[in-house]
Amino acid sequence: MENIDWGNLGFGYLKTDFNVRSYWRDGKWETPTVTSDETITMHMAATCLHYGQEAFEGLKAFRGKDGLVRLFRVEENARRMIRSAEYLRMQPPTEELFVEMVKTAVRANEKYIPPYGTGASLYIRPLLIGTGPQVGVKPAEEYMLMVFVTPVGPYYKTGFNPIKVIIDRSHDRSAPHGTGHVKVGGNYAASLLSGDWGHSQGYPSVMYLDSCEKKYIDECGAANFYGIRDGSYITPKSTSVLPSITNKSLRTLAADLGLKVEERPVAVEELATFSEAGACGTAAVISPIGSVYDPDEQKTYTYGDTAGPWSVKLYDALRGIQQGETDDPYGWNTII
Ligand SMILES: *Cc1c(COP(=O)(O)O)cnc(C)c1O
């Protein structure tokens, strides 16, 4: 095991020993190779550089109470990367190749999987890029799929303490964030300006509204949004919300806990009616929201300085499964 201060890890890149790569060349995926090279050499006309042929994924491996290492819903990430690839006319990996490369990357870096009980986990970043040259706007003929890993702590410095959120209507960054239900880098570059603006105002997270009318909630930073009201788990339905695997899991767990699950357009004014709110995603897990500030309406919606009871229950249920503390009734974990 590496000598790392696991309990104080932030969310960033920490070098590990190996990454795994496979090229699509001449009509097939090559056998994946394991390398310790942190760099990629590519053609200057690679389509990922010019036309944004790039998709990525994010998932985690957890060391359980029983010492076993679990991947959470890896097939869902594989399927989403396939959808992202198809959307950008890239060669999609097979589900099997994706899962195999993730497993290889985790096993090769076993000593970087944080110990149980530290709150840290191993973040896994699969990346698919067009590496073949093109000058015209055409898909590449060569692609690289790679997987690297890095141990991470909480996404927000506040951990499970509620975050402050600000609504951004000004940078027009709602639709680009999750266009077409795919996880692609260009959407993120388009959200950086807005994120920096939020930070400059003193908010770690920005809330994006629908790009057309600015009436409905889309997402909260790089995470999905949920609100709790009168025994309901309410989460936005919109074509520009990235379908979060964490949110999908929370909808299932919420129903198991006896909440009614509503997936529908959520108007901004509904923020006033929630007893709890949160942001959810692989990186953020659940980050309870303490308040949402609407600078255009000069209004603040507040939910309190500590996580609400439903957010705590949902967090415990999700973490319990991921860390092997409770049963895994839906078979979400892959033990490796
Ligand atoms: C990855 C991502 C999420 C979270 O999805 P998970 O599958 O739960 O990790 C939410 N919103 C955006 C824009 C994302 O890229």
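The values are calculated or read from the model by the stated rules, or taken from the named source; none is laboratory data. Because the structure is predicted, anything quoted here is derived from the model rather than measured. All Cβ positions, glycine included, derive from the backbone under ideal geometry; neighbour counts span all protein chains shown.
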Only one of (1) crowded, with 22+ Cβ neighbours inside 10 Å; (2) of a type outside the set (S, T, N, Q); (3) modelled with pLDDT under 95 does not apply to residue 101, and that is (3)
Aromatic (Phe, Trp, Tyr), more than 16 Å from the ligand (Cβ to nearest atom), modelled with pLDDT under 95 and touching a strand residue (DSSP E or B) at 6+ places or on another chain (Cβ under 8 Å), is that true of residue 112?
no
So residue 125 clears everything in (1) assigned to a strand (DSSP E or B); (2) within 16 Å of the ligand (Cβ to nearest atom); (3) crowded, with 22+ Cβ neighbours inside 10 Å except one condition, right? Which one?
(3)
Scanning the range 278-304 for residues that are farther than 21 Å from residue 234 by Cα and in contact (Cβ under 8 Å) with a residue 40 or more places away in the chain, which turns out nearest to the chain's Cα centre (by Cα)?
295
A careful count of residues in the range 82-92 that are touching a residue at least 40 places away in the same chain (Cβ under 8 Å) and in contact with a helix residue (DSSP H, G or I) (Cβ under 6 Å, 6 or more places away or on another chain) gives 1
Residue by residue through the range 85-105, note down the ones that are under 18 Å from the mean Cα position of the chain (by Cα) and among the aliphatic types (A, V, I, L, M).
85, 99, 102
So residue 277 passes all but one of these: (1) away from the ligand (no atom under 16 Å from the Cβ); (2) buried (at least 17 other Cβ atoms within 10 Å of the Cβ). Which condition number does it fail?
(1)
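From 165, 147, grab the single residue that is buried (at least 18 other Cβ atoms within 10 Å of the Cβ), in contact with a helix residue (DSSP H, G or I) (Cβ under 6 Å, 6 or more places away or on another chain) and not in a loop (DSSP other than H, G, I, E, B).
The unique qualifying residue is 147.
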Lone unmet requirement of (1) surrounded by 21 or more Cβ atoms within 10 Å (Cβ to Cβ); (2) modelled with pLDDT of 95 or more for residue 257
(1)
Please find, within the range 195-223, the residue that is surrounded by the fewest Cβ atoms within 10 Å (Cβ to Cβ) out of those that are within 15 Å of the ligand (Cβ to nearest atom), among the hydroxyl-bearing types (Ser, Thr, Tyr) and modelled with pLDDT of 90 or more.
205
List the number of the failed condition for residue 79; all other conditions in (1) buried (at least 23 other Cβ atoms within 10 Å of the Cβ); (2) within 16 Å of the ligand (Cβ to nearest atom); (3) under 26 Å from residue 323 (Cα atoms) hold.
(1)
Some residue of the range 34-52 being among the β-branched types (Val, Ile, Thr), surrounded by fewer than 19 Cβ atoms within 10 Å (Cβ to Cβ) and modelled with pLDDT under 95
no
Would you be able to say whether some residue in the range 12-31 is within 16 Å of the ligand (Cβ to nearest atom) and surrounded by 14 or more Cβ atoms within 10 Å (Cβ to Cβ)?
no
Have a look at 252, 239 and point out the one that is of a type in the set (S, T, N, Q), modelled with pLDDT under 95 and within 16 Å of the ligand (Cβ to nearest atom).
239
Quick one: which residue in 74, 69 is within 16 Å of the ligand (Cβ to nearest atom) and β-branched (Val, Ile, Thr)?
74
Restricting the range 168-186 to residues that are assigned to a loop (DSSP other than H, G, I, E, B) and either among the polar types (S, T, N, Q) or within 14 Å of the ligand (Cβ to nearest atom) (or both), the one modelled with the highest pLDDT turns out to be 183
Number of the condition not met by residue 232 [criteria: (1) under 16 Å from residue 292 (Cα atoms); (2) surrounded by fewer than 21 Cβ atoms within 10 Å (Cβ to Cβ); (3) away from the ligand (no atom under 16 Å from the Cβ)]:
(1)
